[in-house]
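This report refers to the structure that appears directly beneath it.
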Amino acid sequence: MKPAYLLAALAVLAAAGGAYTVMHMMYNGHHDMTVQATAGQLSIGNATARFLLEGRPGAVFLSIDNKGSADTLIAASSTLSQRVELHTHTMDNGVVRMRPVEVIEIPAGSVTELKSGGYHIMMFDVKSMPEKGSTVPLTLTFENAGDVQIGAIAGETGATHNH
């Protein structure tokens with residue numbers, strides 16, 4: 001992560017004031033992950049956001065490393081978006097379709113990847129298109145761990161969007 005991005009992410013996280021908010025690099029035995037927040041035994045990191053065009057939805061991808069008992073991601077919200085939903089992709093008669101889901105299960109002792117082609121977070125009615133490298137504030141709500149504040153780094157826009 002470039003120093004300017006790191007400083008921007010730290011500023012957003014500090015402003016969020018979450019007691020569990022930290023950022024550090026770790027090796028967790030599964031993969032390298034930039035940890036952006038922790039809550040109990042959950043570590044959340046590698047958060048990136050992609051936006052195609054002004055006025056169109058954006059997607060957030062991240063990793064959740066759960067070293068404790070099972071938990072459930074039950075909601076997400078952002079000051080940048082009027083509506084944030086948990087989503088997945090499904091196959092319907094040979095056609096891949098995106099659909100909202102009520103929750104995303106976070107199994108004990110595993111890493112759950114929210115990524116393109118699988119579970120992810122959708123942001124609708126975005127107030128302003130984030131610039132590449134800027135931080136997109138996001139609150140994740142877990143059934144057991146509660147609210148966790150993170151900052152997803154805005155990536156490429158336009159043609160590089162492969163959601």
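The values are calculated or read from the model by the stated rules, or taken from the named source; none is laboratory data. All of these numbers come straight from a predicted model, not from anything done at the bench. Please note: Cβ atoms are built from the backbone with ideal geometry, for glycine as well, and neighbour counts cover all protein chains shown.
Residue by residue through segment 108-140, note down the ones that are more than 15 Å from ALA49 (Cα to Cα) and surrounded by fewer than 12 Cβ atoms within 10 Å (Cβ to Cβ).
Scanning segment 108-140 gives ALA108, GLY109.
Starting from residues that are closer than 24 Å to MET129 by Cα and of a type in the set (S, T, N, Q), keep the ones in segment 66-93 and report whichever is modelled with the lowest pLDDT.
By that ranking, first place goes to GLN82.
Scan segment 45-64 for residues that are assigned to a strand (DSSP E or B) and closer than 18 Å to GLU85 by Cβ and jot them down.
Answer for segment 45-64, where residues must be assigned to a strand (DSSP E or B) and closer than 18 Å to GLU85 by Cβ: ALA47, THR48, ALA49, ARG50, PHE51, GLY58, ALA59, VAL60, PHE61, LEU62, ILE64.
Name the one entry in ASP71, ASP65 that is in contact (Cβ under 8 Å) with a residue 60 or more places away in the chain and among the acidic types (Asp, Glu).
ASP71
Looking only at residues that are of a type in the set (D, E, K, R), under 17 Å from the mean Cα position of the chain (by Cα) and not in a strand (DSSP E or B) in segment 86-130, which one is farthest from ARG56 (Cα to Cα)?
GLU102
Considering only residues that are among the small types (Gly, Ala, Ser) and in a loop (DSSP other than H, G, I, E, B), look in segment 65-83 and name the one that is surrounded by the most Cβ atoms within 10 Å (Cβ to Cβ).
Once the filter is applied, the top-ranked residue is SER78.
Could you grab me the full set of residues in segment 49-65 that are modelled with pLDDT of 95 or more and either in contact with a Leu (Cβ under 7 Å, 6 or more places away or on another chain) or over 18 Å from THR88 (Cβ atoms) (or both)?
VAL60, PHE61, LEU62, ILE64, ASP65
Yes/no per residue for (1) aromatic (Phe, Trp, Tyr); (2) within 21 Å of THR34 (Cβ to Cβ):
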| residue | (1), (2) |
| --- | --- |
| THR90 | no, no |
| VAL101 | no, no |
| ILE106 | no, yes |
| PHE124 | yes, no |
| LEU140 | no, yes |
| GLY146 | no, no |
| GLY151 | no, yes |
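Being under 15 Å from ASP71 (Cβ atoms) and among the charged types (D, E, K, R) is the filter here; which residues of segment 103-115 pass it?
Of everything in segment 103-115, just one residue is under 15 Å from ASP71 (Cβ atoms) and among the charged types (D, E, K, R), namely GLU105.
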